Amino acid sequence: KLGYGGFQDFQQQLIAELKEGQKSPVDLHSTRRQVEGDYLVGFFQRAEKLLSETSEMISAGQFERVCALLSDDKRGLYLIGGRMSDPIVQYLSRHLRQYRANVFHLPSDPEVWPEYLLRMRPKDILVTIDFRRYQNSLQELAQLAVNKRGAGVVLVTDKWMSPISKLATEVLPVPIDSGTVWDSYAAALTLVEAIVARVTENNWEQTRKRIEAWDSTRLDFEAQKNDE
């Protein structure tokens, strides 16, 4: 019924998928697809394809549920990414801080994580981005957040699925295979930008007031610096 010739065929396909989730740039070099013609144009065309695939992988209903979770200022938000994806998390957290309070971007050092775990309350949200060559430390963090603190997890990952997916309240899969030696995070960043836009538009009056207060405070700091 699944389209496999038998259990052995199913097992081989499963093993192949697990291996895909652990491939490094060195492994990807042997399977890369040469960009034909103008490299930049060809690369952008691949990025466009990844964006199109993302819109098919994430339903409108799921997108709205995630935005509603992040909009709920009764929930604390804790965000962290992997070795290469954490800058995307930082981008998300900086925008969310201008919309609402209780947004925390966790540092990469696991020795500091207990401080944030102890802050977490039931129904708070841990937002994690974890792509292939998944980090065991992020999985352990998610387990503690769920099992010890009662938090929910929103995960952005790839089609091979980070182990964190077993713990997640919501899983947002995005395509990352660009056909080069490097995975592309273009779809993930665009998804984050869409979330930021939707969350802030969900309650524009709150957003407007907080940004005005934020800008006013920032300008005060600049004025103090000029006086010195």
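What follows is calculated from the coordinates using simple rules that are stated; it is not laboratory data. Only a predicted model underlies this, so the values are computations on that prediction, with no experimental measurement involved. All Cβ positions, glycine included, derive from the backbone under ideal geometry; neighbour counts span all protein chains shown.
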Given points 7 Å out from each Cα along the Cα-Cβ axis, report the GLU212 to TRP182 separation in nanometres with one decimal.
4.2 nm
Which value, in debye to the nearest 20, gives the size of the charge dipole of the range 37-202 about its Cα centre, when Lys and Arg are +1 and Asp and Glu are -1 at the Cβ?
540 debye
Just the number, please: Stokes-Einstein D of the range 45-172 in µm²/s, Kirkwood Rh from C-alpha pairs, 25 °C, 0.890 mPa s.
164 µm²/s
At R0 = 25 Å the Cβ-Cβ FRET efficiency linking MET57 and ARG94, nearest 0.05, sits at 0.45
So, in nm, how far is label ASP72 from label SER137 when the simple model puts each one 7 Å beyond its Cα toward the Cβ?
3.0 nm
Between GLN34 and GLU193, take the C-beta separation as r, use R0 = 30 Å, and let me know the FRET efficiency to the nearest 0.05.
0.50
Here FRET efficiency (C-beta to C-beta, LYS49 to ASN102, R₀ 45 Å, nearest 0.05) is 0.75
Peptides 207-216, 102-111 ordered by average Cβ neighbours within 10 Å, highest first
102-111, 207-216
